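Shown next, in structure tokens, is the structure this report addresses.
The values are calculated or read from the model by the stated rules, or taken from the named source; none is laboratory data. Predicted model only: the values in this text are computed from it and were never measured. Using ideal geometry, Cβ is built from the backbone for each residue, glycine included, and neighbour counts are taken over all protein chains shown. These accessible areas exclude ligands, DNA and RNA; they are computed on the full protein's heavy atoms, side chains included. Shrake-Rupley method; radii C 1.70, N 1.55, O 1.52, S 1.80 Å.
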Amino acid sequence: MRKSLCCFLLCFLVLFSFCSARQQNECSISRLNAQRPSNRIQSEAGVTEVFDHKNDQFQCAGVAVVRYIIEPTGLLLPSYVNAPQLMYIVQGRGLQGVLVTGCPETFQSFQGSQEGQKQGREQQGQQGQEQQGQQEQQEQQQGREQQGQQGREQQGQQQGREQQGQGREQEGQEGQQGQQFRGDQHQKIEEVREGDVFAVPTGFGHYIYNNGNRRLTVVSVVDISNQANQLDFQPRRFYLAGNPQNEFQQQQQQQEQQQQGQQQEGREQQGREGQQRQQQQGEGNNIFSGFDAERLAEAFNVDVQIIRKLQGQNDRRGNIIKVHGGLQAVLPPRRQQEQQQDDPLYAQGNGYEETICSMKFRQNIGDPRRADVYTPRGGHRSSVTSYDLPVLRRLVQLSAHKGHLYQDAVLLPFYTGNANSIIYVIRGSARIQVVKEQGETVANEEIQEGQVIVVPQNFAALIKARDSGFEYVAFKTHENARINTLAGNLSLIRALPVQVIASAYQTSDNQARQLKHNRQESTIGAPGSASRSQYRASA
């Protein structure tokens, strides 16, 4: 009995660890290079830049990286993805909405609440005119009823049809007027700014609008190897509106075309498929475009002409469109938002499990005043994990930190024990070295603004900023990434006894103490030798 119970528990633990783990990818990396976008899609009000997710280092990390550049009054169309994603605001500010099916509409738009009062008087006047018109129609109908029996029957049939049609139009107008008078109800919209990280779980809809005066740049990392993605390792974005070119699908098609172009038969198929894609784009390229228009009209209970617009037929604006007249919305005061963000109870919950509808999706890591690590002459670093943002633990399983190295400062040698690191350069430049097992150097190059490089799990890295400094954001494929340092006062070397260091590296005790104590910072090292302690070699 005990043996069978032990076997059952062992099988359960193995099964649980397998199900809760990330999907494993093959990582045979001999060289890492900083990457730039391989595909650029121009839209009406912005640009979408896609990094090649088929690259070996992105395949190893199991992620896809996209950069959106949104012009003022530009709107990134609503969409959802087959894997969780973590986004970082590189510059600018805007409005961001996460769409959760089944959650209430807790916000009222500016147009409905402000203009509704002005429109109310006009609506009342229109209703009064409609009532007078109805009374005149009734008087005319009563006059007609005094005519012959045969005339009354014919007129009654015609009038019955007309009255039914008028009644439907009047009900629709009154319903629309009532909705306009009450205001446009919608789900929560949050204001985002430079330095914000916001999470979007798998299958959750989201959109971004630029309400600032300069470009809004957003970097998104999609974790396609996450357990929530039960399809394949192909990122898939499902747009809810417009006729956009799908950034991931287009990139895959280009690669397939290159492979097919090597054969004559493949070239013929490529031409036929290109014509089919052009026809499909003419009909629309969002999730609604594949449905029959009449069936959708029945589902939405609207006219077929509206459905054709819903399907994005003949829409050439792309995935980032211009909102003419601007988008206005009611938001809580910024001071109230900052107070809520600073409140630890708001971040961790109030003792009860947070519901999906009230879950927090955003955290700022760009403010130096909130730094987790700070060195006066070296720089600072801020992080966000599932302890700060519970949605990362429950639905996303990613984390991030933002670092700023001053001129010639050093990010001390480190490795991430439980996650891959996707480093995006925000500003400046730096020299990065990455070393794999057995001391093999896989990267030793300069990385610059706009580039991305992957540091695989347990690979050691060292970064030294150039004259212009170095700002970056590192996305981690674990909700609570564990960063281990190899130098500094919290490093593995610091944890060793002096005699172990002396024996392992064949040094004197004094040299071992230098290795252990000469760097007093924990993560970011100041330039030069000012941080050395009294443990120095004797003359």
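Things worth noting here:
- Taking all protein chains as they are arranged and a probe of 1.4 Å, the heavy atoms of F414 leave approximately 20 Å² accessible to solvent.
- Accessible surface, 1.4 Å probe, highest first, among residues F198, F291, F107: F291, F107, F198
- For the stretch 391-539, size of Cβ-based charge dipole, Lys and Arg +1, Asp and Glu -1, in debye: 440
- Too-long pairs where the Cα-Cα distance tops 20 Å, listed order kept, from K188/K360; K402/K476; K436/K464: none
- Estimated FRET transfer efficiency (V373, R316; beta-carbon r; R0 51 Å; 0.05): 0.60
- The stretch 359-443: C-alpha gyration tensor shape, a/c 1.5 cut-off, then a/b vs b/c: oblate
- Solvent-accessible area of the stretch 408-533 (1.4 angstrom probe, protein heavy atoms only): carbon and sulfur portion equals 45 percent.
- Counting heavy atoms of the protein chains alone, D408 has an accessible area of about 50 Å² for a 1.4 Å probe.
- The distance separating the Cα centre of the stretch 183-221 from that of the stretch 437-513 comes to 34 Å.
- Three-way shape label, the stretch 462-501, alpha-carbon gyration tensor, a/c 1.5: oblate
- In a reduced charge model with +1 at each Lys and Arg Cβ and -1 at each Asp and Glu Cβ, the stretch 352-461 shows a dipole moment near 340 debye about its Cα centre.
- Solvent-accessible ranking of L95, L490, largest area first, probe 1.4 Å: L490, L95
- Rolling a 1.4 Å probe over the protein chains gives R466 an accessible area of about 90 Å².
- For the set D467, D184, the ranking by accessible area, highest first and with no ligand, DNA or RNA atoms included, is D467, D184 under a 1.4 Å probe.
- Heavy-atom surface of the stretch 364-452, accessible at 1.4 Å and reported per residue (Å²): 38
- Label point distance in nm, R427-E298, each placed 7 Å from Cα along Cα→Cβ: 5.8
- Whether the stretch 455-522 is rounded, prolate or oblate, judged on the alpha carbon gyration tensor where a/c under 1.5 counts as rounded: prolate
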